[in-house]
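The values are calculated or read from the model by the stated rules, or taken from the named source; none is laboratory data. This structure is a prediction, so every number in the text was calculated from the model and none was measured. Reconstructed Cβ throughout: ideal geometry from the backbone, glycine too, with neighbour counts over all protein chains shown. All accessible areas refer to the heavy atoms of the entire protein, side chains included, with ligands and DNA or RNA removed. Shrake-Rupley method; radii C 1.70, N 1.55, O 1.52, S 1.80 Å.
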Amino acid sequence: IAGLQGEFSMKDLGALHHFLGMYVQHSGSGFLLSQRQYMMEILARSGMADCKSCSTPVDINRKMSADDGPPVADPTDYRSLASALQYLTFTRPDIAYVVQQVCLYMNDPRESHLAALKRILRYIRGTLHLGLLIRPSVQSDLVVYSDADWAGCPDTRRSTSGYAVFLGDNLVSWSSKCQNVVSRCSAEAEYRVVANAVAEVSWLRQLLAELLAPVSRAALVYCDNISTVYMSSNPVQHQCTKHVENDLHFVRERVATGAVRAT
């Protein structure tokens, strides 16, 4: 036993500075998680280290399509850069949506998709100083903001789910993901993202309880669809909602137990 204790002994390495490729910058108000070096490596690998920066990561005036433009000359390079950007979203939630969009076309990337990917890199070039700030917060409530881009994909008409979870003043979880099925109305698309957000909040509540920092009040889930908010507390099953029955029961159960409140 003494030998095992010596083998697995731990020592204090001091203040945290680097972790899994992330740089931790300490300050009086908290600490900033940054992947600046990783961003510079991506830019160098793509030959865009000295490119002209842009102020937004995506062109909001157009939607990408699967057959938009000729195929790229090197699909492998496109896939490598898109995969590298996925890891960058760990500290850059501002690019989560557009990175998810370019990753949809890894199987057959086109020139328009490559142009969108290069726009992300140009945006990163001008925002190397950004990261994820974690700081002490007086509030310890869980608050979720959710939304869905109903039928946003021009090829499949699937919706994109998006949510952001805050613990007090700190952003602790976020997601941007294409839904698995086509939603027949905006309320259905919104309810699916609410169900995903509630699942994430339920896991975070359980994790915080295991860390002896339980959340006492119900998590507040914001949604901009009145029908979705109504369905979250209405116990009556309607014919038009049977196709999302599992999500309905899951969310209503959390609302009924007081773990979640939709608004």
**Message:** Looking at the stretch 190-213, can you tell me whether even one residue there is crowded, with 19+ Cβ neighbours inside 10 Å, assigned to a strand (DSSP E or B), among the aliphatic types (A, V, I, L, M) and more than 14 Å from the chain's Cα centre (by Cα)?
**Reply:** no
**Request:** Quick one: count up the residues across the stretch 205-263 that are under 12 Å from residue 187 (Cβ atoms) and either among the aromatic types (Phe, Trp, Tyr) or at pLDDT 70 or above (or both).
**Result:** 11
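Rundown of residues vs (1) among the aromatic types (Phe, Trp, Tyr); (2) open to solvent by 100 Å² or more (accessible area, probe 1.4 Å); (3) free of Cβ contacts under 8 Å to residues at least 12 places away in the same chain; (4) part of a loop (DSSP other than H, G, I, E, B), yes/no style:
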| site | (1), (2), (3), (4) |
| --- | --- |
| 13 | no, yes, yes, yes |
| 55 | no, yes, no, yes |
| 61 | no, yes, yes, yes |
| 68 | no, no, no, yes |
**Qualifying positions in the stretch 153-168 - touching a strand residue (DSSP E or B) at 6+ places or on another chain (Cβ under 8 Å) and not hydroxyl-bearing (Ser, Thr, Tyr)** = 153, 158, 162, 164, 165, 166, 167
**Prompt:** So residue 111 clears everything in (1) more than 27 Å from residue 30 (Cβ to Cβ); (2) in contact with a helix residue (DSSP H, G or I) (Cβ under 9 Å, 6 or more places away or on another chain); (3) open to solvent by 70 Å² or more (accessible area, probe 1.4 Å); (4) in contact (Cβ under 8 Å) with a residue 40 or more places away in the chain except one condition, right? Which one?
**Reply:** (2)
**Request:** Please enumerate the residues belonging to the stretch 134-172 that are exposed (fewer than 14 other Cβ atoms within 10 Å of the Cβ) and among the charged types (D, E, K, R).
**Result:** 135, 155, 157
**Message:** So the check is Cβ under 6 Å with 6+ separation or different chains; which pairs have a first residue in the stretch 23-35 that's within 11 Å of residue 134 (Cβ to Cβ) and a second one that's surrounded by fewer than 17 Cβ atoms within 10 Å (Cβ to Cβ) and polar (S, T, N, Q)?
**Reply:** 32/25
